[in-house]
Structures are given as C-alpha cells and as structure tokens.
Amino acid sequence: MQIFMDDVQFLNIRPDNIYVKASENVDAMLKIVEKLVDKDYAYEKLHSVYYNISKLADYGVLSKIDLGKTRQGKSIDLDDYEKDSPADFALLKRSSLAELKRGIYHKTIWGNVRPSWHLECAAISHKYLGATYDIHVSGADETFPHCENILAINKAFSGHGGPNYWINAELVMVDGRKMSRSLNNALPLSQLRQNGYSSMDVRFLLLGVHYRKPVNYSEDALQTAKNTVKKIHTFICRLNAVALDNENGFAEVDQFIYDLKNDFAAALDDDLNIAGALAALFNFIGKVNSPLTKGMINKSNAGKILAAMRNINDVLGIMDFGIQVAESRINDLISKRETARGAHHWKEADSYREQLTELGVVVMDTPQGVIWQWR
C-alpha cells in the first residue's frame, strides 16, 4: 500500500478525499445482496449467492458482449461452485476450508462467505458516491466481466447504472505484450525515478496516447517524452526571462490564448481526447514562439501566456513553472565554450553548445564576438 501511495505522490496525482477498505464495508455489501435476493435478482446455492443475469434484459450492454457466442471458461466469470447458469456470477462465495482456517470469512445468513470483487466495488462506490456519479476508471481488460457485473449490480439494487461515464483505459504494452507482473515485464516507477525520469516525463508518455489506444512503452518512447517536456520548460524559461516592458506588446496574444482555451476544452469534450488537447498546447506554443524570438512579447503578454498555461497544467500536470535559467548560467557556459575553442578542444566546446541548446539558447559566432538569443 505504501508503494502505491508513493507512486501516486510521485506522479503528482491528487489524493482522494478518502481511502476505504473493503473489509470495513462488508455491511454495505450484505445490504445489497439481501435486496437483490428479495428482488429475485440473486439466489443462494450451497452457501454461495449468485447474480441471476437472466433477470437483467440488457446484460452485456457495456462490453457489447454476446454471451451466446462466448466460450464458457474463457471470459465468463466462472468458479468452482455450482450455480443455475454458467454465466451467473458470484456475489458471495462460500469460504473454503483453507480460508476458514485463515479467518477469511464473514458470518451471514447464507453461511461463512467472502464477497466477490464485483460486489465490493459496487457497494463501496454506492456507499461513498451515491447511486449515480461522474466517472468510473478501470482498465480495458476489466470491461468484461468486472465492470459489466458492477453495472448489473447497480441496476438491480438502485435502478441506476452508477457512473455516467466508464473510462476503461487500454493497456501499457512492452514488445507487443501486456506489461504485468505475471509476465515478469513490469517496470516499477521507482526504477524510472532511479533512471532520471521525472513524474512529468512519465505523465507525458501516458497522456500522449488516447485512453482507448494502448501505450507502447520503450526506453526510446520515454526519452522522447522527456525531451518534449524539456522543450516545454525551455519555452517557460524564456517567458520567465522576458524583460521587455513597453505598453504595446504583441496584440495577437489574447486571441492565441482564446484559441488555446477553446481548442483544449473541445479536445477534452471529444471523449477525453488528451492527445488532442496536447496538440492544442503545442500549436499555441508554436504561434507564440515566433514573436517571442523576435522580442515582441512584453512582460504583460508573458504573464497572460503563463497564466493560461497554468490553467492547462491543472489538467495535464506536466509543467513546472518555477523553472528559470539565470543569464549568469548562460554566460558561464559561453565563456567555457570559448575557452575550449581557444584550446582547440572541439569536442568539449560542442558539449557546451549542446547544453546551451537544451536551455533554449542559440549561440552565434560573429567577427565582433559571441552573441546569443533565445531559440
């Protein structure tokens, strides 16, 4: 649990208002089962309680699955207990002898049982969020049977489906295979931190692909994300360094910001298309970059641009607005480059130029000496 919480903090994910344990909400689960049995949506058999899916006319509506075409044992929620139909799923499973010895059971009118995870999720969400709430997030591989069964429980219990939107994200893939511990190809976030990647780098990698499409992880993909985040921060550094304080500024900045807000919102409204929202951000940066390079952006313009990007970042979480590059740092690198050039240490001189490039600085060698400007 602590590793999970550390990862949540690392990824700059806002904490939940409350973190609940299934074991502390068994009463809410039993309340649902009792009502479903009373309404004939569930039945007891050999001290287990099952959901009778034949009672729900539109079972399969979320996953668009046709149970008649699904081979039993492949993806239907089967277990080792007898039930009226192979497609019915367990709400409460009778505890095995081994589980009884370990204390994994709850005493009920049906016997010593343990709740299914479908029931756990439905009961906890209903108790803390109500009969309807905005978004349920899961993995695409859990759409059936898990999410479908949560939906079925919700409908039978309250008459409502629960969430208004089901955001079931596709998987992270490695070499064409699902990243998972069972396949021994999972990469912990702690390892990425040790490799020098920031939370913003990882977030950009994951956000850069629509949630309905898989994320193909590779070291190259993560490095590309890191480089892109660095370019965004270079842009922010340049805005933070704007010293021009004239009254006119660049007249089109307000229009650029208006377009950014509209395009960003439109992308999110389009099935949470964050990849499209990122495209709106980069289009905005591209339009601002030219007048910024030409020295046409004043302090007022820069302040408005940074404020708009902060609003965008409330959603994305990929920008650090405290980043600044002191001119003393730039001048120091230029001085070191000149010293290396004078000693004919060309490789060393090139490394200093590369560092300046990473900072968004263009160095020009002229007969009058070295001059630099923001890229």
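A quick yes/no check of all residues on (1) in a helix (DSSP H, G or I); (2) outside the structural domain of I232 (by TED's automatic domain parsing); (3) surrounded by 15 or more Cβ atoms within 10 Å (Cβ to Cβ); (4) aromatic (F, W, Y):
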| site | (1), (2), (3), (4) |
| --- | --- |
| L272 | no, no, yes, no |
| L281 | yes, no, yes, no |
| I285 | yes, no, yes, no |
| K304 | yes, no, yes, no |
| M309 | yes, no, yes, no |
| G322 | no, yes, no, no |
| D332 | yes, yes, no, no |
| M364 | no, yes, no, no |
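Run down G322, G303, G317 and say which single residue is in contact (Cβ under 8 Å) with a residue 12 or more places away in the chain and not β-branched (V, I, T).
Numbers: G322 fails: in contact (Cβ under 8 Å) with a residue 12 or more places away in the chain; G303 fails: in contact (Cβ under 8 Å) with a residue 12 or more places away in the chain.
Unique residue meeting the criteria: G317.
Counting only residues that are among the hydrophobic types (A, V, I, L, M, F, W, C) and in a loop (DSSP other than H, G, I, E, B), which one in the stretch 8-56 is surrounded by the fewest Cβ atoms within 10 Å (Cβ to Cβ)? Show your work before the answer.
Step one: list which residues in the stretch 8-56 are among the hydrophobic types (A, V, I, L, M, F, W, C), which gives 8, 10-11, 13, 18, 20, 22, 26, 28-30, 32-33, 36-37, 42, 46, 49, 53, 56.
From the residues that got through so far, the ones that are in a loop (DSSP other than H, G, I, E, B) too are 11, 13, 18, 20, 46, 56.
Details: L11: 14, I13: 12, I18: 6, V20: 13, L46: 10, L56: 16.
Among those that are among the hydrophobic types (A, V, I, L, M, F, W, C) and in a loop (DSSP other than H, G, I, E, B), it is I18.
With (1) outside any helix (DSSP H, G or I); (2) surrounded by fewer than 17 Cβ atoms within 10 Å (Cβ to Cβ) as the list, and I297 as the residue in question, which single condition is left unmet?
(2)
Does at least one position in the stretch 37-45 carry a residue that is in contact with a Gly (Cβ under 9 Å, 6 or more places away or on another chain), in contact (Cβ under 8 Å) with a residue 12 or more places away in the chain and not β-branched (V, I, T)? Show your work before the answer.
Kept after step one, since they are in contact with a Gly (Cβ under 9 Å, 6 or more places away or on another chain), are these residues of the stretch 37-45: 44.
Those still in the list that are in contact (Cβ under 8 Å) with a residue 12 or more places away in the chain too: 44.
Cutting the leftovers down to not β-branched (V, I, T) gives us 44.
Yes, there is a match, as at least one residue in the stretch 37-45 is in contact with a Gly (Cβ under 9 Å, 6 or more places away or on another chain), in contact (Cβ under 8 Å) with a residue 12 or more places away in the chain and not β-branched (V, I, T).
Inspect the stretch 227-239 for any residue being surrounded by fewer than 17 Cβ atoms within 10 Å (Cβ to Cβ) and in a loop (DSSP other than H, G, I, E, B) and give the result as yes or no.
Looking through the stretch 227-239, none of the residues is surrounded by fewer than 17 Cβ atoms within 10 Å (Cβ to Cβ) and in a loop (DSSP other than H, G, I, E, B).
Identify all residues within the stretch 240-270 that are surrounded by 17 or more Cβ atoms within 10 Å (Cβ to Cβ) and in contact (Cβ under 8 Å) with a residue 24 or more places away in the chain; write none if there are none.
Listed by number, the residues that qualify are V242, G249, F250, V253, F256, I257, L260, F264.
How many residues are in contact with a Ser or Thr (Cβ under 6 Å, 6 or more places away or on another chain) and among the basic types (K, R) when one looks only at the stretch 139-168?
Qualifying residue count, the stretch 139-168: 0.
Determine if the stretch 160-180 includes at least one residue that is under 25 Å from I32 (Cα atoms) and among the small types (G, A, S).
Yes, there is a match, as at least one residue in the stretch 160-180 is under 25 Å from I32 (Cα atoms) and among the small types (G, A, S).
The values are calculated or read from the model by the stated rules, or taken from the named source; none is laboratory data. Small disclaimer: the values here were computed from a predicted structure and weren't measured. Cβ coordinates were reconstructed from backbone atoms using ideal geometry, including for glycine residues, and neighbour counts include every protein chain displayed.
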